1. Report, by residue number, each residue of the range 64-109 that is open to solvent by 50 Å² or more (accessible area, probe 1.4 Å) and modelled with pLDDT of 90 or more.
2. Among (1) in a helix (DSSP H, G or I); (2) at pLDDT 85 or above, where does residue 326 come up short?
3. One residue is enough: does the range 140-157 have a residue meeting the conditions over 18 Å from the mean Cα position of the chain (by Cα) and surrounded by 14 or more Cβ atoms within 10 Å (Cβ to Cβ)?
4. State all residues of the range 227-237 that are open to solvent by 50 Å² or more (accessible area, probe 1.4 Å) and among the aliphatic types (A, V, I, L, M); if no residue qualifies, say none.
5. Which of the residues belonging to the range 18-49 are loosely packed, with under 15 Cβ neighbours inside 10 Å and charged (D, E, K, R)?
6. Are any of the residues in the range 167-178 charged (D, E, K, R), modelled with pLDDT of 90 or more, over 16 Å from the mean Cα position of the chain (by Cα) and surrounded by fewer than 18 Cβ atoms within 10 Å (Cβ to Cβ)?
7. Yes or no: residue 281 assigned to a helix (DSSP H, G or I), of a type in the set (Val, Ile, Thr) and open to solvent by 50 Å² or more (accessible area, probe 1.4 Å)?
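The values are calculated or read from the model by the stated rules, or taken from the named source; none is laboratory data. Keep in mind that what you see is a predicted model, and the values were worked out from it rather than measured. We place every Cβ from the backbone using ideal geometry, glycine too, and count neighbours over all the protein chains shown. SASA here: full protein model, heavy atoms, side chains in, ligands and nucleic acids out. Shrake-Rupley method; radii C 1.70, N 1.55, O 1.52, S 1.80 Å.
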Amino acid sequence: MEISIIVPCRNEGANVEILTNRILRAVPGDVTYEIVFVDDSSDDTPERLDRMSRQFSFVRYLHRENGGGLSSAILEGCRMAKGDWFIVMDADLQHPPESLPALIEEIRSERSEVIVPSRFIPGGSDGGLNAWRRLVSWTARMMARLLIRKVWKVTDPTSGYFAVRRDVAFSRPLQPIGWKILLELLVRSDYSNVREIPYSFHSRDLGSSKLNLKEQWNYIRHLGRLLRSSESDMRFWIFCAVGLSGVAVNTLVYVLLVHLGVPIGFSFAGATIVATFNNFTWNNLLTWKDSKSDKLWYRIFKFSLVSLSGLCLSSFIVTCFHSWFGVHYLVAGLIGILVSTGSNFALNNVWTFKKLPAILSPISKDPPL
């Protein structure tokens, strides 16, 4: 098995030489490997890479005059690489080559197709980041893990250090924006298992960080595009947005009816009915726009029944947590909302707006291809 270590770099100067020598010392002697540098530098880095490629047979490089960014450099490196596995790491030495033996051991175990050295599992450390960088990193990770279900269990989905099997890397077209290609790979590629191993992130000694506001904006754009490409995740968040609109409608109608002199009990019931129809209308039009296998009146009936069951469930949970376990009533209410939101979404997804199996779907008028 051959391993290709892919290193994107830009104006890293002496770091590429230090990195190569440290990799040479770190990689076990029985491992067949190559180092593929993809360089976008405007300094003397290409000359240094050229010298190393002539000195070491396992070093190859590509210099790109017009650049293209970190993610495109990694993709270019994957196309150049000859290995069965790709290890992607930065040239700035923040991903210590001394952690490669543990990563290679995990590759050899054949327990997974994607391996992520993580700073955030026992044994790992992000000690190389200052307080501001830690906050930015935490925010980026939490946004990804909150929004996209496929990366929920990965503690470090925005890492630039990872290993991926060749067939997984090429299983789907990748179109990353900016510098978080691991996130793109985790969301779009075909694989069955991801494993994380601990490693200690190091602060850089030479050169300067490439992180800036433009890259942070690119990350947000990238995350939005990945979310739009994930139908199940997008559906859930549209459902949540519709639910928030229902809260607003419920409140406005309730206040209006009370001010018109309608008794509070009737006002609340009327507001709830209006809000339920508001939520059904938008969920029917947006959230499950392509999943309408029943008559409209029956979908309304099922949606209302699910909403009622969610209300009963959340009331029960609030009572349990507040009265039985002494949880603050606001915290108990939040727990009730979260649980009922999840249960309502799941029930509506599998019952109210369920899709018919393809064999039971209406027969198309078009002839088969």
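1. Within the range 64-109, 76, 79, 82, 84, 98, 102, 105, 108 meet the criteria.
2. Against the list (1) in a helix (DSSP H, G or I); (2) at pLDDT 85 or above, residue 326 comes up short only on (1).
3. No, the range 140-157 contains no residue that is over 18 Å from the mean Cα position of the chain (by Cα) and surrounded by 14 or more Cβ atoms within 10 Å (Cβ to Cβ).
4. Answer for the range 227-237, where residues must be open to solvent by 50 Å² or more (accessible area, probe 1.4 Å) and among the aliphatic types (A, V, I, L, M): just 234.
5. Once the filter is applied, which keeps residues that are loosely packed, with under 15 Cβ neighbours inside 10 Å and charged (D, E, K, R), the range 18-49 yields 25, 30, 43, 44, 47.
6. So far as the range 167-178 goes, yes, one or more of its residues are charged (D, E, K, R), modelled with pLDDT of 90 or more, over 16 Å from the mean Cα position of the chain (by Cα) and surrounded by fewer than 18 Cβ atoms within 10 Å (Cβ to Cβ).
7. Taking the combined requirement at face value, the residue satisfies it.
Condition check ((1) aromatic (Phe, Trp, Tyr); (2) surrounded by 13 or more Cβ atoms within 10 Å (Cβ to Cβ); (3) closer than 25 Å to residue 258 by Cα) across all residues:
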position	(1), (2), (3)
272	no, yes, yes
298	yes, no, no
316	yes, yes, no
320	no, yes, no
327	no, yes, no
333	no, yes, yes
